[in-house]
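What follows is a structure written as structure tokens; I'll ask about it next.
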Amino acid sequence: MIKRLLLLLIAVGLTACGVPTDSSPRSLPTEVLDALNSAEPAEDTGGELAELWFVRGEKIAPVERRVEQSLSSEETLLLLEAGPTAEEKEAGLRTALVPVAADTPLVATAAASGLTVPAGNKQTAVVLDDQFSELPSEEQLLILGQVVFTLAPEPDESVLFVNSSGTPIGVPLPNGRLSSGAVNRSNYEALRG
């Protein structure tokens, strides 16, 4: 890989220095071909990439994390609550999913909360703890944006927010309105940084 980069840099350098170009293609020297063919392939670190959305200022921004295997929706929410890594914090990221009461998460999947919620196809039911309503409206929107962008990355995926008894609830949208049901990324696009 390094050899390829060096060769590319040399080629760019020669081109930039005014070396004349040929009128027809010619083959590469044998030593160059040997170097390219013997280069080791990039090392595969394994696992999968998970896209998490954190807060930067008044917007949300994506972060890719390498994970060993596909994460459940609940595991993903736990990563959001745990927040950004030290390096990500240095880049100005934070999480809005900070519980008001200790040992009580602001959000959890309905399944993890022991609730059976009839959710549509490609829809995740997420419980908003009662403490959610105590937060300033700006933080509520950031939490909802983080959850929706992380759990519903595709246009046909959505999140249905429910209360602690499993009843679907309307949640605030960036335009000042309340949703009347499940929401997706398009509802929180204004939060994307």
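Given the criterion surrounded by 13 or more Cβ atoms within 10 Å (Cβ to Cβ), assigned by TED's automatic domain parsing to the domain that holds VAL63 and without any contact (Cβ under 8 Å) to a residue 24 or more places away in the chain, identify the matching residue among GLY181, GLY176.
Details: GLY176 fails: surrounded by 13 or more Cβ atoms within 10 Å (Cβ to Cβ).
Answer to the selection: GLY181.
Can you tell me which residue among PHE149, PHE161, PHE132 is in the same structural domain as ILE60 (by TED's automatic domain parsing), part of a helix (DSSP H, G or I), over 20 Å from ALA61 (Cα atoms) and touching a residue at least 12 places away in the same chain (Cβ under 8 Å)?
Numbers: PHE149 fails: over 20 Å from ALA61 (Cα atoms); PHE161 fails: part of a helix (DSSP H, G or I).
The conditions single out PHE132.
Look at region 80-98 and say how many of its residues are out of contact with any Lys or Arg (no Cβ under 7 Å at 6 or more places or on another chain), surrounded by 14 or more Cβ atoms within 10 Å (Cβ to Cβ) and under 18 Å from LEU49 (Cβ atoms).
2
Hey, among VAL67, VAL63, VAL55, which residue is surrounded by 13 or more Cβ atoms within 10 Å (Cβ to Cβ) and modelled with pLDDT under 95?
Details: VAL63 fails: modelled with pLDDT under 95; VAL55 fails: modelled with pLDDT under 95.
So the residue among VAL67, VAL63, VAL55 that is surrounded by 13 or more Cβ atoms within 10 Å (Cβ to Cβ) and modelled with pLDDT under 95 is VAL67.
Kindly provide the set of residues from region 85-122 that are part of a loop (DSSP other than H, G, I, E, B), small (Gly, Ala, Ser) and modelled with pLDDT of 95 or more, ordered by number.
ALA91, GLY92, ALA96
Scanning region 114-125 for residues that are polar (S, T, N, Q) and closer than 17 Å to LEU151 by Cα, which turns out surrounded by the fewest Cβ atoms within 10 Å (Cβ to Cβ)?
Per the criteria, the residue is ASN121.
For region 99-110, how many residues meet the condition of being without any contact (Cβ under 8 Å) to a residue 12 or more places away in the chain and either surrounded by 13 or more Cβ atoms within 10 Å (Cβ to Cβ) or at positive phi (or both)? Even if it seems obvious, please write down each step before you answer.
In the first step, residues of region 99-110 are kept if they are without any contact (Cβ under 8 Å) to a residue 12 or more places away in the chain; the result is 102-103.
Restricting the remaining residues to those that are either surrounded by 13 or more Cβ atoms within 10 Å (Cβ to Cβ) or at positive phi (or both) gives 103.
Within region 99-110, residues that are without any contact (Cβ under 8 Å) to a residue 12 or more places away in the chain and either surrounded by 13 or more Cβ atoms within 10 Å (Cβ to Cβ) or at positive phi (or both) number 1.
Another question, then. I'd like the residue in region 180-193 that is part of a loop (DSSP other than H, G, I, E, B) and at pLDDT 95 or above and, out of all such residues, is farthest from THR95 (Cα to Cα).
ALA182
Take GLU154 and tell me if it is surrounded by fewer than 12 Cβ atoms within 10 Å (Cβ to Cβ) and under 22 Å from GLU189 (Cβ atoms). Step through it out loud before you land on a result.
Working: surrounded by fewer than 12 Cβ atoms within 10 Å (Cβ to Cβ): yes; under 22 Å from GLU189 (Cβ atoms): yes.
Judged against the criteria, GLU154 is a match.
The values are calculated or read from the model by the stated rules, or taken from the named source; none is laboratory data. Being a predicted model, the structure only gives us computed values, none of them experimental. Every residue, glycine as well, gets a Cβ built from its backbone with ideal geometry; the counts of neighbours run over all protein chains shown.
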